[in-house]
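Report on one structure; see the data block that follows.
Please treat every number below as a calculation from the coordinates, not as lab data. Everything quoted here is computed from the prediction, not taken from an experiment. FYI the Cβ positions are ideal-geometry reconstructions off the backbone, even for glycines, and counts take in every protein chain you see.
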Amino acid sequence: MDAAEQVRKFEEFFDTHYRAELAEQIRKGHDFLAIDFSKLSQFDPDLTTVLLEDPENTLKAGEIAASSFGSGRQPTGFSLRISNVPEPQRIMIRDIRSKHIGKLLYMQGLVRQKTDVRPQVTSSRFECPSCGNIIPILQLDTKFREPTSCGCGRKGKFRLLSKELVDAQGIVLEEVPEQLDGGEQPKRMNILLKKDLVSPMSDKKTNPGAKVGMVGILKEVPILAKDGGKLTKFDLVIDANHIHPMEEGFGDLQISEEEMKQIKKLSKDKLLFEKFTKSIAPSIYGHEKIKEALVLQLVGGVRQMRKDGVATRGDIHILLIGDPGSGKSQLLKRISVVAPKARYVSGKGATGAGLTAAVVKDEFLGGWSLEAGALVLANQGICVIDELDKMDKDDRAAMHEALEQQTISISKANIQATLRSETTLLAAANPKLGRFDPFENIAKQIDLPNTLINRFDLIFPIKDMPNEEKDDKLASFILGLHKQEATEQEISKDLLRKYIAYVKKNIVPKLTDEAVKEIKKYYMKMRSSGEGDSSYKAVPISARQLEALVRLAEASAKLRLSQTVEKEDAERAVELLNYCLLQIGIDPATGKMDIDRITTGITASQRGKLHVLKEIIIELENLVGKAIPFKEIENAAKEKGIEGAQIEEFIERLKRDGEIFEPRQGFISRL
């Protein structure tokens, strides 16, 4: 099929299928048109065969046809973008060979690195000083070419009249982990993007960490030797033709009118929360309260920017601490599938740099560049961290800023940057000894720094205690799953994702007076319930929990598609927080709520007793001298109502804090 025939066929194709779209693109001033491969294939199979075998020239013919279409107002250099390429053209990066050079291919991958957008010369015009002849040169190679001779016989020294520039950018595409066999290292490929593929809108789709599908033409690039000659080895690069995101953020999900009707109908449902709770993880038995919290977490509260420039986060962070085999990881995996934008990380395989950002050597431009970590890549989404307790202490410390300030600051290798990480965190961990001790206080068994625990809005302990009735139901449920009795999902995964995306994007509820009253009532009631003398009164809940209540209430209102937070939303938030605090925030000595149990690891009643013990040591020092026999301390402490085991625990704590030491066995001295 010759070029003229191809142009004629493309003109006919545009006339029958793409007249309106082409007119619309021209009206908007765009110089590209996306065409569906399957439509072209139905119109003329021969043309699609030529397109796959010789894409470069066939696309040129299509572009000429598009440019000459209609009134002739089109910009020159019109581009055709091919989407929906057939299955045989889909290839993995590792399977690309020399026979594929010049062919149209489709591949998927993760964007690992990305250069800045820079202009590139596509064609240039030279003038011969001797005869005034104009010589056009197409710049297809990586090196800038000049004409070697003119028709009048002149060689060299031609004057450059003009050059055409297009925006170009390089990205590195890496294979998607799901497609790999075990033990294989993901392969990488350099991709060249030009023209509209680097427009500001397209640019967002190819940010590092994005998962994309891409159609392009495979080309070879000569590798230059040190002396300027070419090597026999060639490098491969893909000239991208069309690129589309595989993993949408909240903003990219397209919601049709039909789906909008379903969303509106679902929001009016009386059993809205029950349906969501059942759909969030249908293959996991029980844990209703946790599932309800996870639904609210996916929706999130409202991020507020105060007038003084301080931002208050709207993301709800949740920590699940539980016995092995209680379904934590399953819940986490399910959330990473349902959330429209999620990153899944496991504790031992994550470092501080992998979570926040790493400074790496830039292969394209030389120098250093930033590679974003999981918490940054999940910006506006959710980051799921399993096995949080198995992470190194230093790596965990990297998360502090990301959780509360929602930024990540980097100052390494002459790079000073602050990255946004408006990310919701869902984490899971095991208790200190691997399993909960039923006779020990739960807060003591959480082996995480108090500063980190304090940043989680909700903490759920998941205990696996034998219970005949519950075990019977659980066994029936799990064995039913193995019999392929699929649990019916109330809301389909697709609708679930779109509902969450719509809510996050469009609903910004405001607190009503009733809701404020309800939250304040609970807060005041809890604060006044602290026991003990005024100086060592237990702190039942702190202002951080007050903010958590507001976020949970906002999320509840968002889920109902309501622009106001009503009393029922505040009640739901109070119920959830109260459920968590009852599990882990009770001081065993007094039976009262005490937030210090979680945030500082020592209760108010213990703090009071510790102070009493210190006073006993000071009194005895005045009586018996510097070295105080341990027996004396024990007798005096028992009179004040401190038990034997507790005395030893407090003495150990004071030794660790460096307030006392043991000069010889059985004696204590103050430092």
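At 7 Å along the Cα-to-beta-carbon direction for both A20 and R306, put a label point, then send me their distance in nm to one decimal.
In this crude label model, A20 to R306 measures out at 5.2 nm.
In this model, which of K194/K361; K39/K99; K60/K504; K328/K655; K195/K333 are farther than 32 Å apart at the alpha-carbon?
Details: K194/K361 24 Å; K39/K99 27 Å; K60/K504 43 Å; K328/K655 38 Å; K195/K333 39 Å.
Beyond 32 Å: K60/K504; K328/K655; K195/K333.
Can you check how the C-alpha radius of gyration of segment 257-583 compares to 2.2 N^0.38 Å, as a plain ratio?
Details: Rg = 20.7 Å, N = 327, 2.2 N^0.38 = 19.9 Å.
That works out to 1.04 for segment 257-583.
Past 24 Å, Cα to Cα, is the threshold; run K390/K558; K307/K510; K432/K521 against it and keep the listed order. Write out the running numbers ahead of the final one.
Values: K390/K558 35 Å; K307/K510 17 Å; K432/K521 35 Å.
Over 24 Å apart, Cα to Cα: K390/K558; K432/K521.
Name the residue from A429, L296, M92 whose Cα lies farthest towards the positive end of the charge dipole of the chain, charges +1 on Cβ of Lys and Arg and -1 on Cβ of Asp and Glu.
Selected residue: M92.
Picking from Q646, F144, A543, whose Cα lies most toward the positive end of the charge dipole for the chain (charges on Cβ: Lys, Arg +1; Asp, Glu -1)?
F144
Hey, which aspartates and glutamates would be in cross-link range of K348, C-alpha to C-alpha under 15 Å, not counting anything within fewer than 8 residues on its own chain?
K348 reaches D386, E387, D389, D392, D394, D395.
Taking the simple approach of a point 7 Å from Cα along Cα-to-Cβ for both R112 and E259, what is their distance in nm?
3.2
Grab the other residues whose beta carbon is less than 13 angstrom from that of T564, score K and R as +1, D and E as -1, and report the net. Don't skip to the end; give the middle numbers.
Numbers: positive: K510, K558, R560, K567; negative: D513, E514, E554, E566, E568, D569.
Surrounding charge for T564 is -2.
What net charge do the residues around F126 carry, taking every other residue with its C-beta under 12 Å from that of F126, with Lys and Arg at +1 and Asp and Glu at -1? It would help to have the intermediate numbers written out before the result.
Details: positive: R125, R145, R154, K157, R159, K163; negative: E127, E146.
Cβ neighbours under 12 Å give a net charge of +4.
Report, to the nearest 10°, how far helix 257-267 tilts away from the longest principal axis of the Cα atoms in the chain, using its own Cα long axis and a range of 0 to 90°.
Approximately 10 degrees, to the nearest ten.
Could the peptides 270-276, 187-193 be put in order, highest first, of the mean number of other beta-carbon atoms found within 10 Å of their residues? Intermediate values should be presented prior to the final figure.
Details: 270-276: 14.9, 187-193: 19.6.
So the peptides 270-276, 187-193, ranked by packing, come out 187-193, 270-276.
Can you give the charge dipole size of segment 604-670 about its Cα centre, rounded to the nearest 20 debye, using +1 on the beta carbon of Lys and Arg and -1 on the beta carbon of Asp and Glu?
Details: 12 positive and 13 negative charges, 24 e Å.
Rounded to the nearest 20 debye, it is 120 debye.
Using a cut-off of 12 Å between alpha-carbon atoms, which aspartates and glutamates can reach K157, once sequence neighbours fewer than 8 places away in the same chain are excluded?
By straight Cα distance, K157 reaches E127, E146.
Looking at segment 441-483, which trypsin sites (Lys or Arg not before Pro) are in a loop (DSSP not H, G, I, E or B) and have at most 12 other Cβ atoms within 10 Å? Intermediate results must be reported in sequence, preceding the final value.
On the way: sites: K444, R455, K463, K470, K473, K483; in loops: R455, K463, K483.
Passing sites in segment 441-483 are K483.
Give the angle, between 0 and 90 degrees and rounded to the nearest 10, that separates the Cα long axis of helix 55-67 from the longest principal axis of the Cα atoms of the chain.
Tilt of helix 55-67: around 80 degrees.
Antiparallel as a % of all DSSP beta bridges within the chain, to the nearest 5?
Values: 63 of 92 bridges.
Taking every DSSP beta bridge with both residues in the chain, the antiparallel ones total about 70 percent.
Using a cut-off of 17 Å between alpha-carbon atoms, which aspartates and glutamates can reach K517, once sequence neighbours fewer than 8 places away in the same chain are excluded?
Within the straight-line limit of under 17 Å, K517 reaches these aspartates and glutamates: E547, E554, E566, E568, D569, E571, E575.
Is there a quick way to get the dipole size of the chain? I mean about its Cα centre, with the Cβ of Lys and Arg at +1 and of Asp and Glu at -1; what is the value in debye to the nearest 20? If you can, show how the numbers build up before the last one.
Details: 101 positive and 100 negative charges, 336 e Å.
That gives the chain a dipole magnitude of about 1620 debye.
Going by Cβ distance under 4.7 Å, what cysteines of the chain have no possible disulfide partner?
Lacking a cysteine Cβ partner under 4.7 Å: C383, C580.
Given points 7 Å out from each Cα along the Cα-Cβ axis, report the D36 to I478 separation in nanometres with one decimal.
4.7
Return the FRET efficiency for the residue pair E659, S83: r is the Cβ-Cβ distance, R0 is 60 Å, and the value is rounded to the nearest 0.05.
The computed FRET efficiency comes out at 0.25.
What's the ranking of 632-641, 322-331, 305-314 by average number of surrounding C-beta atoms within 10 Å, highest first? Before the final figure, lay out the partial values.
Numbers: 632-641: 14.6, 322-331: 18.1, 305-314: 11.2.
Answer by packing, highest mean first, reads 322-331, 632-641, 305-314.
Starting from 0.36 nm per residue, how many nanometres of slack lie between I415 and S528 once their C-alpha separation is accounted for? Mind showing how you got there, number by number?
Numbers: separation 113, 0.36 × 113 = 40.68 nm, distance 4.93 nm.
35.8 nm is the gain from fully extending I415 to S528.
Return the sequence-ordered ³J(HN,Hα) values of segment 612-623 in whole Hz as given by the Karplus equation 6.51 cos²θ - 1.76 cosθ + 1.60 applied to θ = phi - 60°, using x for Gly and Pro.
4, 4, 4, 5, 4, 5, 5, 4, 5, 5, 5, 7
Using the crude model of +1 on Lys and Arg Cβ and -1 on Asp and Glu Cβ, and no other charge, please compute the dipole size for segment 89-247 relative to its Cα centre, in debye to 20. Please report the intermediate quantities before stating the final value.
Values: 27 positive and 19 negative charges, 133 e Å.
Computed about the Cα centre, the dipole is about 640 debye.
At 222 nm, what helix-only mean residue ellipticity would the chain give, in deg cm²/dmol to the nearest 500, using -39500 (n - 2.57) for each DSSP H run of four or more? Could the numbers behind the result be given before it?
Values: 24 runs with 254 residues, N = 671.
Counting only the DSSP helices, I get -11500 deg cm²/dmol.
Give me S98, S556, S409 sorted ascending by neighbouring Cβ count inside 10 Å, so fewest comes first. Don't skip to the answer; put the middle values down first.
Working: S98 9, S556 27, S409 13.
Going from least to most buried by this count: S98, S409, S556.
Can you order the peptides 492-505, 419-432 by their average number of other Cβ atoms within 10 Å per residue, highest first?
Top of the packing list down: 419-432, 492-505.
If you take the alpha carbon radius of gyration of segment 89-247 and divide it by 2.2 N^0.38 Å, what ratio comes out, to two decimals?
Details: Rg = 19.2 Å, N = 159, 2.2 N^0.38 = 15.1 Å.
This ratio for segment 89-247 stands at 1.27.
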